[in-house]
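Below you'll find the structure, written out as C-alpha cells, and then a few comments.
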Amino acid sequence: MNRHAPGQDDRIVYRGRKIDLALRPVTLADGSTTEREVVLHRGAVALLPLLDGDRVCLIRNRRHAIHKSLLEIPAGTIDPGEPPDACAHRELREETGYVAGRIALLTEWWVSPGLFTERMYLFRCDDLRPGKARLEPDEEIEPVEVPWDHAVSMALDGRIEDAKSMLAILYWDRVRRVAST
C-alpha cells in the first residue's frame, strides 16, 4: 500500500505539497467509533555522508517551523513513485553537492506513528565525490564537515537537536563499534 495514500474510509480535510491531513474512523475496544487525525506522508530518506578521515557531512538547515537553524544530517521527502535509494542519491547531491559511489540502506523507522504515516529510510553514503549543491529555492542549507567523534558528542550533549540526526549518528556509531570488536 502507498503509505501516502488515504485509507478507503479516510476523509481528506487538507491536501498539501508534502502532506495530506485525513480524519480516519477508528473503532475502539468498547465498540464505539471515533476519528483520528492522520498526517499522510510519502516517506523520507536520511543520509549519513561519510567522508575519508573519519568525518561526516552534516548540514546547517534553516527550519522555518521553529524559527531556528539546526545542525542535521541531510534528508528529504520521497517524490511520488520514487524509490528510496533514488531519493537518497538525489537528496545527497541537492543538499551537499556530493555524489556517492555507494549508498546502502542501514535501517528504517516510523517517524511518529501516533500521527504520521511517514517512514524514514537511513542510508550510509560512501565514496563521495564533491560537486555543486542544487538547493530548492526555499532551502537555506550549508554543508558542514565534522569529525565523527565530534558529531557523536553533539548528538549526546544536545548541540544536535534534530531527532533523525541523533538517531542516525548514535545508531551508526553503535553499529561500527560492534563491528570493530
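No value in this document is a laboratory result; all are computed from the given coordinates. The shown structure was predicted, so the numbers you read here are calculated from the model rather than taken from an experiment. Note: ideal-geometry Cβ built from the backbone for every residue, glycine included; neighbour counts use all protein chains shown.
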- Message: 5 Å is the cut-off here: which amide hydrogens, built 1.01 Å from N in the peptide plane, fall below it relative to Gly43, excluding neighbours closer than 5 in sequence?
- Response: Ile78, Arg119
- Just subtract the alpha-carbon distance of Asp127 and Tyr14 from 0.36 nm times their residue separation and send over the number in nm, one decimal. 36.5 nm
- Query: Using the 10 angstrom Cβ neighbour count as an exposure proxy, how do Ile73, Ile141 rank, fewest first?
  - Reply: Ile141, Ile73
- Query: Excluding Arg24 itself, what net charge comes from residues whose Cβ is under 10 Å from its Cβ, given Lys and Arg +1 and Asp and Glu -1?
  - Reply: -2
- Go through the range 83-95 residue by residue and turn each phi into a ³J(HN,Hα) via Karplus (6.51, -1.76, 1.60, θ = phi - 60°); whole Hz please, and just put x for glycine and proline. x, x, 5, 5, 4, 4, 4, 5, 5, 4, 5, 4, 8
- Note on the structure: Per DSSP, the loop-located GluC sites (Glu not before Pro) within the range 80-181 having at most 16 other beta carbons within 10 Å are Glu139, Glu140, Glu161
